[in-house]
Each structure stands twice: as C-alpha cells, then as structure tokens.
There are 2 protein chains.
Amino acid sequence: MTNNKKAIVYVRLKEGVLDPQGVTIHKALSQMGYNEFVSVRTGRFFELEIEANGNDIDKRLDEVCSKLLANPVIESYTVEKH
Amino acid sequence: MTNNKKAIVYVRLKEGVLDPQGVTIHKALSQMGYNEFVSVRTGRFFELEIEANGNDIDKRLDEVCSKLLANPVIESYTVEKH
C-alpha cells in the first residue's frame, strides 16, 4: 500500500473582483436577521490525492492550478500540502 | 474603527456522497497528462467578516451554516475563527 500525498488548493477571487454570490449570501443573512455579518466572500477548494512517487509535484500542482482549477485573470490560489 | 472578527466556513460533501465535479476534474487531469492524481474532491468556503461586538457568535455561526451555507443532508462543515 502506498502512502499517497494530499494537497488542498484554495481558490478565491482576487481583491477588488466583485463576488455576486457573496453579496447575495450577505443579503440573505441580513434578511434572516443575522445583521452582525459585515461581508461575505466565497471561494472553492479542491482536495487532491497524489501518488507518493510523483516527481516535480510542486511544479505540476502549480500548472494544474493555473490551467484547470483557477482562472488566473480574476482568481488567486494557495496550495496547502499534507 | 472596530476590529471585526473573521470566520471561514469550509463546506464539503460528506464521505460517500458522489462528487461529480471532482470526478470531472479528475478525468480532465488524466486527459491532460497529469496521471499522478488519484482522486479529486471539491468543496466551497465562505469568508465571513463579523462585527466584533456580536454576542453568541458560535451559536449564530452554527445556525447560519446549517440554514444557509451548507446542506446538512449531504454536506458537512467546519468553522475556523480568526
């Protein structure tokens, strides 16, 4: 049995980019009486299981993020490895 | 100026619940030649800014998660406070 590695990629909209989903959630919270919430920003994350014997994982993870998981024009990403 | 608090809510599908988006991404990775990825699971997160003087924040955050941010039938959530 191999001990696969795990990486989590967090993708969020860059600062200054409007987040309509967050705005909608914020409005819904206010309407529900949760007025202590000042702002809501949304993001996605991806839990990737990676074969332990893969080479160049950092470089390839970075490629995967910018090519497939995030849109670098409006989104930024961070990678957390476990 | 108040020092607002920040909380991040991570929502993911419960184990055993099929994640079609993750499956699709995994297939795409294979087709692009990234064969070292064994599985992909997707999730969402929400960054909430909360007024510093709010009371009962933990309880209210929990309500917000189960009522609005997550579907407790198929999703679980974790809250990270800053």
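Couple of notes before you dig in:
- Taking chain B and dividing mean pair separation by its residue count, relative contact order in percent (alpha carbons under 8 Å, at least six apart): 53
- Charge dipole (Cα centre; +1 on Lys/Arg Cβ, -1 on Asp/Glu Cβ; no other charges) of chain A amounts to roughly 140 debye.
- Structure-based [θ]222 nm, chain A - -39500 (n - 2.57) summed over DSSP H runs of at least 4, per residue, nearest 500: -7000 deg cm²/dmol
- Cα-based equivalent ellipsoid of chain B: semi-axis lengths in Å, sorted from largest, via gyration tensor: 33, 15, 8
- Dipole axis of chain A (+1 Lys, Arg; -1 Asp, Glu on Cβ), positive-most option in A:48, A:11, A:24: A:24
- Residue separation of residue B:39 and residue B:21 scaled by 0.36 nm, minus their Cα-Cα distance, works out to 5.3 nm of gained length.
- FRET efficiency, 1/(1 + (r/R0)^6) with R0 35 Å, evaluated for residue B:74 and residue A:52 via beta carbons: 0.70
- Sparsely packed GluC sites (Glu not before Pro) within chain B, loop by DSSP, other Cβ within 10 Å at most 12: B:15
- Angle in degrees between helix B:20-31 and the longest Cα principal axis of chain B, rounded to the nearest 10: 40
- Residue A:12 sits with roughly 70 Å² accessible to a 1.4 Å probe, with DNA, RNA and ligands left out of the calculation.
- Dipole in debye (nearest 20) - the protein assembly as shown, about Cα centre, beta carbon charges: Lys, Arg +1; Asp, Glu -1: 180
- Among the listed pairs A:14/B:59; A:6/A:59; B:6/B:59, those beyond 22 Å (Cα-Cα): A:14/B:59
- Cα-Cα pairs of the protein assembly as shown separated by more than 19 Å (percent): 59
- Contour excess over end-to-end distance, with Cα ends at residue A:59 and residue A:30 and 0.36 nm allotted per residue: 6.1 nm
The values are calculated or read from the model by the stated rules, or taken from the named source; none is laboratory data. A quick note: this is a predicted structure, and the numbers were derived from the prediction, not measured. Using ideal geometry, Cβ is built from the backbone for each residue, glycine included, and neighbour counts are taken over all protein chains shown. Ligands, DNA and RNA are excluded from the accessible area calculation, which covers all protein heavy atoms including side chains. Shrake-Rupley method; radii C 1.70, N 1.55, O 1.52, S 1.80 Å.
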